[in-house]
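Worksheet: the structure to be examined is printed underneath.
The values are calculated or read from the model by the stated rules, or taken from the named source; none is laboratory data. Computed from a prediction, not measured in an experiment: that's the story for all the values here. Cβ placement follows ideal geometry from the backbone for every residue including glycine, while neighbour counts extend to all protein chains displayed. Ligands, DNA and RNA are excluded from the accessible area calculation, which covers all protein heavy atoms including side chains. Shrake-Rupley method; radii C 1.70, N 1.55, O 1.52, S 1.80 Å.
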Amino acid sequence: MKWPTKSRSKRRIMRRTPGGRNVVHLKPRKQSKAHCAVCRQALKGVAQKGAASEKRPSRPYGGYLCSACVRQMMIERARA
Amino acid sequence: MSLFETGRLCVKIAGRDAGAKCVVIDVMNRNYVLVDGQTRRRKCNVQHLEPLQTTLPLTKNASHDAVTKAFAELGITLPVKKAKTKASSKPVQKRKVK
């Protein structure tokens with residue numbers, strides 16, 4: 001059986017076919033969760049599927065900073 | 001006397017308008033005020049607002065034009081919203097019948 005790829009970027013799924021053969025199915029790997037650039041917590045409201053604007057909150061720094069960090073930054077900016 | 005009185009200039013710190021300057025138009029109750037300015041004219045929780053030192057000479061429920069003038073004095077120009085042309089008023093293109 002010619003091995004389709006050596007790259008490890010695909011996920012290997014072992015399957016047994018009805019004919020009793022063991023085959024390997026290659027599936028794409030899932031993206032890792034987005035994290036806030038400041039507090040490193042997982043971002044809420046960041047989707048993997050959907051149109052570009054649906055993939056992140058419509059807040060400034062949406063998809064880059066979490067809501068708490070944006071709030072903190074805006075306060076500091078206002079008080080400066 | 002709370003900070004959030006009519007005319008108080010604030011910055012919205014949460015939501016879609018985060019970072020935008022707005023002025024308190026009307027105080028609804030302890031938690032909610034009506035704001036206008038760079039943000040949309042909307043009800044907003046005081047926890048999402050950061051009050052600033054300045055206050056603007058505005059009356060209660062001031063109109064958007066009054067707010068625009070007051071902001072102009074501060075040197076902040078507010079975008080003028082174009083009136084939405086009704087869909088029906090647009091000329092209907094005839095589709096070529098093949």
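Structure notes:
- Every pair of residues 6+ apart whose Cβ atoms lie under 9 Å, when the first sits in region B:51-65 and is over 13 Å from B:L9 (Cβ atoms) while the second is open to solvent by 100 Å² or more (accessible area, probe 1.4 Å): B:H64/B:R41; B:H64/B:K81
- Filtered residue count, region B:22-53, keeping only those that are polar (S, T, N, Q) and farther than 23 Å from A:V70 by Cβ: 1
- Looking only at residues in region B:31-51 that are more than 8 Å from the chain's Cα centre (by Cα) and open to solvent by less than 40 Å² (accessible area, probe 1.4 Å), the one that is nearest to the other protein chains (Cβ to nearest Cβ) is B:E50.
- Only a single item in (1) open to solvent by 90 Å² or more (accessible area, probe 1.4 Å); (2) within 14 Å of chain B (Cβ to nearest Cβ); (3) modelled with pLDDT of 90 or more is not met by A:P57, and it is number (1).
- For A:A34, the test of being within 30 Å of B:E50 (Cβ to Cβ) and out of contact with any helix residue (DSSP H, G or I) (no Cβ under 8 Å at 6 or more places or on another chain) is passed.
- Any chance B:A83 is farther than 30 Å from A:L65 by Cα and either open to solvent by less than 60 Å² (accessible area, probe 1.4 Å) or under 13 Å from the mean Cα position of the chain (by Cα) (or both): no
- Of the residues in region A:44-52, none is touching a strand residue (DSSP E or B) at 6+ places or on another chain (Cβ under 8 Å) and open to solvent by 50 Å² or more (accessible area, probe 1.4 Å).
- With respect to the conditions (1) more than 10 Å from chain A (Cβ to nearest Cβ); (2) open to solvent by less than 30 Å² (accessible area, probe 1.4 Å), B:M1 lacks only one, and its number is (2).
- When region B:10-30 is filtered for residues that are within 10 Å of another protein chain (Cβ to nearest Cβ) and assigned to a strand (DSSP E or B), the ones remaining, listed by number, are B:C10, B:V11, B:K12, B:K21.
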